[in-house]
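Following: one structure in structure tokens, then a few remarks.
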Amino acid sequence: MSAILEGQRAASAGPSAVNAALRRNRIDRLLALVLDNADAFVDAMAQDFGTRPKAGSLFT
């Protein structure tokens with residue numbers, strides 16, 4: 001287990017293989033996914049946590 005964690009630590013400490021343009025693209029796609037599915041996320045939170053106001057879920 002220690003060897004696995006050390007390998008992960010070393011890999012994350014090294015230089016990033018992902019450039020800024022790719023990071024920006026990934027963030028843009030994530031934002032689009034969240035906004036496009038906002039109603040589904042609100043419904044899932046209401047099911048998980050009981051009655052929850054839509055505005056409160058969208059705010060958080």
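The values are calculated or read from the model by the stated rules, or taken from the named source; none is laboratory data. As the structure is a prediction and not an experimental result, all values here were calculated from the model. All Cβ positions, glycine included, derive from the backbone under ideal geometry; neighbour counts span all protein chains shown.
Scanning the range 47-60 for residues that are hydroxyl-bearing (Ser, Thr, Tyr) and surrounded by 10 or more Cβ atoms within 10 Å (Cβ to Cβ) yields a single hit, Ser57.
Scanning the range 16-46 for residues that are farther than 19 Å from Thr60 by Cβ and surrounded by 11 or more Cβ atoms within 10 Å (Cβ to Cβ) yields a total of 4.
If you scan the range 1-41, which residues turn out to be under 13 Å from the mean Cα position of the chain (by Cα) and of a type in the set (A, V, I, L, M)? Correct list: Ile27, Leu30, Leu31, Ala32, Leu33, Val34, Leu35. Restricting attention to the range 1-56 and to residues that are part of a loop (DSSP other than H, G, I, E, B) and hydrophobic (A, V, I, L, M, F, W, C), the residue that is modelled with the lowest pLDDT turns out to be Ala17.
Given the residues Gly56, Gly7, Gly50, which is the only one that is at positive phi and without any contact (Cβ under 8 Å) to a residue 24 or more places away in the chain? Exactly one residue qualifies, and that residue is Gly50.
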